[in-house]
Amino acid sequence: MDRDEAKGIIDRIDAACAQAGRVCIMEVCGTHTVSLFRSGIKSLLGESIHLISGPGCPVCVTSQGYIDAACELAVRPDVTVCTYGDMVRVPGQVGSLESQRARGGSVEVVYSPRDALTMAKQHPDRQVVFLAVGFETTTPGTAATVIAARGEGVENFSILSGHKLVIPAMEALLAGGEVPVDGFLCPGHVSVIIGAGAYRPIAERYHKPCVVAGFEPRGMLEAILHIVRQVADGKALVENAYGAVVSSEGNAVARDVVDRVFVPADAVWRAMGTLPDSGLELREGFRAFDAVGRLGVEIGPDVCPDGCLCGEVIQGKATPAECALFGTACTPVEPVGPCMVSSEGTCAAWYKYNRPAQPGVEKA
Amino acid sequence: MCLAVPGQIVEVNDVEPDSVVGRIGVVDLQGSRIQASLAMTPQADTGDWVLVHAGFAITVLDEAEAQATWDSLREALGEDLAPPEGPGGP
């Protein structure tokens, strides 16, 4: 998209804002946060549009207790922890998975839960635990892998379930009433699974426009325009601005696979407490694959490091710049909280794209 | 973690015919080949374009959509759009 096209859409957004007033849009998905920065959209939009980052970074919303449990497992002599790369550097109370690995713990970064299952088959003498973290885009893969593990009789594979659901999080934020959101930029790839229609209860119950967007600049700008126009017209509809990839119904096959294995359960979100039915736990028939039961590990309480504002940041209640640790005690090289570690973390995105240049420090 | 990448299925193997993850596609993701389970896209076959996330195809795309999606992801994420890491699956 060239500058003229961008200006054209932004002019239309400004015109709509003249009618709507100041519009607060929450971008739910961490990848949207990064794309909005990287594309320069954040800096191009006028004062009338206020973009708030939401809890759409699965690593960022993982509780401290979960990280600590994973670290405990990693140093057990007969256990190998398999994880997506983003989790490895998140600091727990006694260190990160990376530091446990440096101490001799067994931690393997995997691209897919299938790789973790393969590792279990290749090392029958070890207990392989997969850290099942991620939103609805990711849960079908975990579910299918658990089904495969049972079907193939793999007895040394288990998961530490940390999956979260996007819509309960959006509902909790709205019900809390603390974040002044006028509309939502809805995640692109989560919506491939759940379908654009899944946001209808949010739009209807809370009267907030929900627009599904892809990740490229034009698509995101147009989605923002749709939201602002709806606000100006007093509407609250679901619109799908990523129609090439997302359908209204989503992927029913994928949802069925998840339903076979998991059931919604209350889940602890970092600094947000327990949100009802916002996570997934294994059904009775697959309980044998739960690392908690099989290995006797406990997921302890969620503890936030002193001064860390990740909890407020993921709820849109604070910006990274408002955190006293941002850019000083907390940097990508030495992170304090998960928002600085994850490639989709708001603090990491701000650090990379929105940090004022300091003398002697090269701007990212 | 939302990241999903479009690619074209160049081969389909029925590794475990009775398993949910039984159909594995060899997918060409813009030059690098990976294996992705077709469990979520049972209708997908050789030649089809799919969106791949964490080793699973999550939806079928038509070729024009796939190319546009790839272009836009590259424009949006640039060097952050790294190829998949980690041990390859079966």
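The values are calculated or read from the model by the stated rules, or taken from the named source; none is laboratory data. All values reported here derive from a predicted model rather than from experimental measurement. Virtual Cβ from ideal backbone geometry, glycine too; neighbours counted across all protein chains shown.
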Counting just the residues of the range B:1-51 that are surrounded by fewer than 21 Cβ atoms within 10 Å (Cβ to Cβ) and among the hydroxyl-bearing types (Ser, Thr, Tyr), which one comes out farthest from the other protein chains (Cβ to nearest Cβ)?
B:Thr46
Can you confirm whether the range A:194-201 contains a residue that is over 17 Å from A:Thr137 (Cα atoms) and surrounded by fewer than 22 Cβ atoms within 10 Å (Cβ to Cβ)?
yes
Specify which of the listed residues (A:Ala254, A:Ala203, A:Ala241, A:Ala175) is within 14 Å of another protein chain (Cβ to nearest Cβ) and free of Cβ contacts under 8 Å to residues at least 60 places away in the same chain.
A:Ala241
Taking the conditions exactly as written (at pLDDT 95 or above and surrounded by 20 or more Cβ atoms within 10 Å (Cβ to Cβ)), does A:Val253 satisfy them or not?
no
Total residues in the range A:108-134, condition more than 7 Å from chain B (Cβ to nearest Cβ) and part of a loop (DSSP other than H, G, I, E, B):
4
Condition (residue is within 14 Å of another protein chain (Cβ to nearest Cβ), modelled with pLDDT of 95 or more and buried (at least 24 other Cβ atoms within 10 Å of the Cβ)) applied to the range A:59-82: is it met by at least one residue?
yes
In the range A:270-294, what count of residues is obtained for those that are modelled with pLDDT under 95 and closer than 23 Å to A:Glu72 by Cα?
4
Here the residues within the range A:222-237 that are in contact with a Ser or Thr (Cβ under 9 Å, 6 or more places away or on another chain) and either more than 28 Å from A:Asp2 (Cα to Cα) or within 12 Å of chain B (Cβ to nearest Cβ) (or both) are none
